[in-house]
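Any read-out appearing in this document is the output of simple, stated calculations on the displayed coordinates, not a laboratory observation. This is a predicted model, so every value here is computed, not measured. Cβ placement follows ideal geometry from the backbone for every residue including glycine, while neighbour counts extend to all protein chains displayed.
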Amino acid sequence: MRIAINFLFLLMSLTVLAQKDDGSYTVLKHVNIIDVNGSPIQTDMAVIINGNRISSIEKTSKAKIPKNALIIDARNKFLIPGLWDMHVHVFNNISKTPPDTNDFSMYIANGVTGIREMWTKMESMPEVNRWRKQAYELPGTVPRIGAVGTMVDGFPSQWTNSDTATMEVSARQIVQQIKAAGIDFVKTYNRLPRKAYFAIADECKKQNIPFAGHIPNRILLKEAADAGQRSVEHLTGSRIVFEDDCENFIAETKKELKDSIAVNSSIVPIIEQALELCDHDKAFAIFRYMAEKNVWHCPTMVLYKRFATDSLVIVNDPRLKYISSSEKASWMKATGSRLRRKASPDYLNRALAQVLQMKKAGINFLAGTDFDNPYLYPGFSLHDELQLFVDAGFSPLEALQTATINPAKFLGAIDSLGTIEKGKIADMVLLDANPLTAIHNTQRINAVFVNGKYLSKETLQAMLDKAAAFVNKK
Ligand SMILES: [Zn+2]
């Protein structure tokens with residue numbers, strides 16, 4: 001059970017929050033509770049929140065309602081666990097703008113009460129710790145920062161600002177530094193040489209710190225599974241299954257592998273794997289292998305949806321009102337040429353088909369967006385990702401699991417988060433309609449509870465209005 005051990009220490013940062021009984025009670029009456037484990041909906045329930053924990057769940061008629069409790073009539077409404085976006089970049093290391101705390105209110109207003117940050121620099125840890133403290137002291141202002149990772153790439157790195165490791169020694173050193181800085185995991189990236197990757201894997205085991213991220217260009221999927229990589233982002237390493245044709249992809253793979261250091265001998269197996277992935281039965285066997293090794297996938301399909309969407313729709317997205325003009329300009333610059341191309345749904349459709357194949361092979365999924373990539377929106381885009389899981393062939397329940405119970409399991413926090421149960425932390429979203437009949441109902445948010453704090457529809461709207469006003473002043 002390496003998984004559990006690896007992520008267990010995260011619990012400390014997730015629940016710095018010991019029981020916080022401040023004598024205050026909030027009661028949801030007549031609510032319908034969605035069990036993300038898949039049991040039938042519990043109807044007409046009373047959920048009592050004491051401090052930041054759920055202290056009781058009973059039929060409303062049987063519940064003992066504490067005096068002076070804040071009572072919320074939740075008749076005909078549906079309660080789900082707080083949502084997680086498991087792939088975000090709140091540090092804006094690409095645009096290099098400072099962390100934008102304005103984004104936080106957009107996550108929360110969208111019911112996203114937890115995030116996994118995929119590219120924290122080591123020197124940013126004091127800031128993460130400040131935010132984590134604030135999440136506890138001023139609940140409702142910052143989502144739960146479940147895990148933060150530092151990106152390690154080969155040299156030269158794909159992004160100029162990355163940490164790099166090329167040799168075994170430097171790879172081990174960087175893992176030790178990351179651990180010492182209080183970072184939760186190592187994020188592996190595309191150009192890591194094989195030696196550095198395997199040294200990272202081994203040193204992570206020694207330091208008892210997980211690693212997750214991209215599967216580097218020179219690493220086979222099965223090798224990543226054997227090495228103990230915990231999650232794979234954006235379907236890296238296997239995207240060939242949904243590439244137009246194998247020949248093209250193999251030519252591109254060869255070109256990609258010609259970066260910095262020529263390691264020709266290691267290219268052959270990668271090309272062989274590419275050919276295997278072109279064969280659906282062989283691809284399925286590889287996915288089975290990854291499932292058996294408990295390698296999770298965070299496909300960020302919403303990232304690919306942008307290029308399946310007409311550019312006029314993208315540049316007229318009403319959610320752009322939450323994005324500053326400088327950020328918008330950088331988005332335009334980064335994606336201009338791609339946006340001018342005709343929308344191509346094929347690429348997205350193949351991604352969806354692959355995700356379904358992987359699910360059939362038994363792979364577990366995490367919902368993530370890859371914000372702050374251009375034309376993605378804090379909070380909002382997570383709901384788009386949930387819809388894409390359903391478009392791929394997941395049931396609404398299965399889609400919901402990728403943003404609730406699955407992140408809690410993945411982070412080793414299932415004892416305190418991820419479902420609505422007595423004793424758990426009250427991170428919850430109250431919906432005006434049933435998300436199990438249509439996943440887009442996750443957007444019909446009536447209220448959000450963050451670490452026990454109740455935020456009404458009006459409060460959430462005010463947070464969004466403030467976010468829009470803030471960026472327009474910039
Ligand atoms: Zn990312």
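Cross-link reach is defined here as a Cα-Cα straight distance under 22 Å, omitting same-chain residues fewer than 8 places apart; for Lys359 the lysines meeting it are Lys222, Lys282, Lys293, Lys305, Lys409.
Normalised by the number of residues in the chain, what is the relative contact order in percent for Cα pairs under 8 Å and 6+ residues apart? Answer for the chain is 21 percent. Helix 168-180 and the longest principal axis of the Cα set of the chain meet at an angle near 10°. For helix 264-278, what angle does its Cα long axis make with the longest principal axis of the chain, in degrees from 0 to 90 and rounded to 10? In the chain, helix 264-278 runs at an angle near 60 degrees to the longest axis. I want the antiparallel fraction of DSSP beta bridges within the chain, as a percent rounded to 5. Counting only bridges with both partners in the chain, antiparallel ones make up about 45 percent. Per Stokes-Einstein, at 37 °C and 0.692 mPa s, what whole-number D in µm² s⁻¹ belongs to the chain, with the Kirkwood radius over Cα pairs as the hydrodynamic radius? Estimated diffusion coefficient is 143 µm²/s.
The label point for Asp384 and the one for Met332, both projected 7 Å from the Cα toward the Cβ, are 1.9 nm apart. Dimensions of the stretch 61-184 along the principal axes, based on C-alpha atoms and rounded to the nearest Å, stand at 66, 27, 22, largest first. Centroid-to-centroid, using Cα positions, the stretch 180-224 and the stretch 30-50 are 40 Å apart.
On a 0 to 90 degree scale, rounded to 10, what angle separates helix 194-207 from the longest Cα axis of the chain? With rounding to tens, the tilt is 40 degrees. Rounded to the nearest 20 debye, the dipole magnitude of the stretch 283-332 is 60 debye, with +1 charges on Lys and Arg beta carbons, -1 on Asp and Glu beta carbons, and the Cα centre as origin.
Taking the number of Cβ atoms within 10 Å of each Cβ as an exposure proxy, the fewest-first ranking of Cys298, Cys278 is Cys278, Cys298. Dipole magnitude for the chain: about 800 debye, using +1 per Lys or Arg Cβ and -1 per Asp or Glu Cβ, origin at the Cα centre. Selection among Thr404, Val313, Pro299 by position relative to the dipole of the stretch 299-430 gives Val313 as farthest towards the positive end (Cβ unit charges, Cα centre).
The loop-placed chymotrypsin sites (Phe, Trp or Tyr not before Pro) in the stretch 150-248, going by DSSP, that have at most 14 neighbouring Cβ atoms within 10 Å of their Cβ come out as Trp159.
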